[in-house]
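S.K.: Before I ask anything, here is the structure I am working with.
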Amino acid sequence: MELARPVFFVGFMGAGKTSVARRLARSCSVASVDMDTYLERREGKRVKEIFAESGEEGFRAVETDVLAELAAKEPLLVSCGGGVILREENRAILAEGGFVVYLRVTADEAASRISDTSSRPLFQDLEAARARCEERLPLYEAVADVTVDTAGKGVAAIAREVQRLLEKEGILCRRPR
Ligand code: S3P
């Protein structure tokens, strides 16, 4: 199949963005990239090292560069870092050329899915994560072209649901023979 536009997966840490994008990429034979993995390769450092050395602001600056870079590529599925919606500039990039799929999750469910919080500097304690999740909600909603509730669903079911939505919206199309 092919993509008419880049598809950006947004949502809180632990929403399943990376797994769902990867699964969908495999079943539809389209390319996918995880923004944080791409960013870590580009910078030669782990996300948590960037946070430790340059703080959240330093990380956000690199994140914006990476987002712009990925948005300019041939359309692909991009799983974004959970905080990508924080900067106005990023929200403009998402809205401009891409189709945004918001995977909704509660902080409590996310906590149960994340096996290792040590790689996520902003998911250190549940109380703070709940507040952060709540605070970001309007921003996720503002950029979303479609919202998928992930509560109680597995990766395969979510990927199928996203596939149906993308086909319906004409974003994911069968390649002409
Ligand atoms: C962040 C989410 C992380 C990563 C960084 C900051 C956030 O990505 O970009 O730790 O602010 O929500 P995931 O959503 O893939 O965990």
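S.K.: Among GLY97, SER112, LEU70, pick out the residue whose Cα is farthest towards the positive end of the charge dipole of the stretch 64-133, where Lys and Arg carry +1 and Asp and Glu carry -1 on C-beta, about the Cα centre.
M.R.: Value computed over the given set: SER112.
S.K.: Give the residue from MET13, ALA157, ILE85 lying farthest towards the positive end of the charge dipole for the chain; charges sit on Cβ (+1 for Lys and Arg, -1 for Asp and Glu) and the dipole is referred to the Cα centre.
M.R.: So the residue furthest toward the plus end is ALA157.
S.K.: Rounding to the nearest 20 debye, state how big the charge dipole of the stretch 28-81 is about its Cα centre with +1 on each Lys and Arg Cβ and -1 on each Asp and Glu Cβ. Can you show the working numbers first?
M.R.: Working: 7 positive and 12 negative charges, 30 e Å.
Around 140 debye, computed over the stretch 28-81.
S.K.: Follow-up question, since we're still on this one. Please give the helix 47-71 orientation as an angle from the longest Cα principal axis of the chain, in degrees from 0 to 90, rounded to the nearest 10.
M.R.: With rounding to tens, the tilt is 20 degrees.
S.K.: Which whole-Hz couplings ³J(HN,Hα) result when phi for each residue of the stretch 10-20 is put into the Karplus expression 6.51 cos²θ - 1.76 cosθ + 1.60, θ = phi - 60°, listed in order with x for Gly and Pro?
M.R.: Karplus-based 3J(HN,Hα) across the stretch 10-20 equals 10, x, 5, 3, x, 6, x, 4, 5, 5, 5 Hz.
S.K.: Next question. Using only Cα atoms, tell me the angle between helix 88-97 and the longest principal axis of the chain; keep it within 0 to 90° and round to the nearest 10.
M.R.: It is inclined by approximately 10 degrees.
S.K.: Now for a different question. Enter the accessible area of GLU69 (Å², nearest 10), with the probe set to 1.4 Å and all protein chains included.
M.R.: Roll a 1.4 Å probe over it and GLU69 shows about 70 Å².
S.K.: Mind checking the angle between helix 126-143 and the chain's longest principal axis? C-alpha axes, 0 to 90 degrees, to the nearest 10.
M.R.: 40
S.K.: Can you tell me, using C-alpha contacts under 8 Å and at least 6 residues apart, the relative contact order of the chain as a whole percent? Walk me through the numbers on the way to the answer.
M.R.: Numbers: 262 pairs, mean separation 63.7, N = 177.
Over the chain, the number comes to 36 percent.
S.K.: Would you please report the Å³ per residue occupied by the convex hull of the alpha carbon atoms in the stretch 10-163?
M.R.: Enclosed volume per residue, from the Cα hull, is 107 Å³.
S.K.: Residues in the stretch 75-105 near a label at LEU137, defined as backbone nitrogen under 16 Å from the 7 Å Cα→Cβ point?
M.R.: Counting backbone N atoms under 16 Å from the label point, the list is 103-105.
S.K.: What distance in nm separates the simple spin-label points at ARG113 and LYS73, each placed 7 Å from Cα in the Cβ direction?
M.R.: 2.2
S.K.: With charges only on Cβ, +1 for K and R and -1 for D and E, what is the dipole size of the chain about its Cα centre, in debye, rounded to 20? Write down the numbers at each step before the final one.
M.R.: Numbers: 27 positive and 29 negative charges, 196 e Å.
For this selection, approximately 940 debye.
S.K.: Checking the cross-link filter: which lysines have an alpha carbon closer than 25 Å to that of LYS48, excluding same-chain neighbours under 8 positions apart?
M.R.: LYS17
S.K.: At 7 Å along Cα-to-Cβ for each site, give me the label-to-label distance between TYR38 and LYS168 in nm.
M.R.: 2.7
S.K.: Could you pull the accessible area for ASP65 with a 1.4 Å probe, rounded to 10 Å²?
M.R.: 80
S.K.: Let me ask you something else. 7 Å from Cα along Cα→Cβ at both GLU2 and ALA151: what's the point-to-point distance in nm?
M.R.: Those two pseudo-labels are separated by 4.0 nm.
S.K.: Of all accessible surface on the chain at a 1.4 Å probe, what whole percent is carbon and sulfur? Let's see the in-between values first.
M.R.: Working: 4080 of 8890 Å².
Result for the chain: 46 percent of the exposed heavy-atom area is carbon or sulfur.
S.K.: Using modelled amide H (1.01 Å from N, peptide plane; none on Pro or chain starts), what sits under 5 Å from the amide H of PHE99, excluding residues fewer than 5 places away?
M.R.: VAL7, PHE8
S.K.: Rolling a 1.4 angstrom probe over the protein heavy atoms, how many square angstrom per residue are accessible across the chain? Write out the running numbers ahead of the final one.
M.R.: On the way: 8890 Å² over 177 residues.
Counting only protein heavy atoms, the per-residue value for the chain is 50 Å².
S.K.: Please report the spacing between the Cα centers of the stretch 1-53 and the stretch 126-177 in Å, no decimals.
M.R.: When both Cα centres are located, 14 Å separates them.
S.K.: Right, something else. Ignoring everything except DSSP H segments at least 4 long, calculate the 222 nm mean residue ellipticity for the chain; use -39,500 (n - 2.57) per segment, divide by total residues, nearest 500.
M.R.: Numbers: 7 runs with 95 residues, N = 177.
Theoretical 222 nm ellipticity from helices: -17000 deg cm²/dmol.
The values are calculated or read from the model by the stated rules, or taken from the named source; none is laboratory data. Everything numeric here is computed off the predicted structure, so don't read it as measured data. Glycine gets a Cβ as well: all are built from the backbone with ideal geometry, and neighbour counts include every protein chain shown. Surface areas here come from the heavy atoms of the whole protein model, side chains and all, with no ligands, DNA or RNA. Shrake-Rupley method; radii C 1.70, N 1.55, O 1.52, S 1.80 Å.
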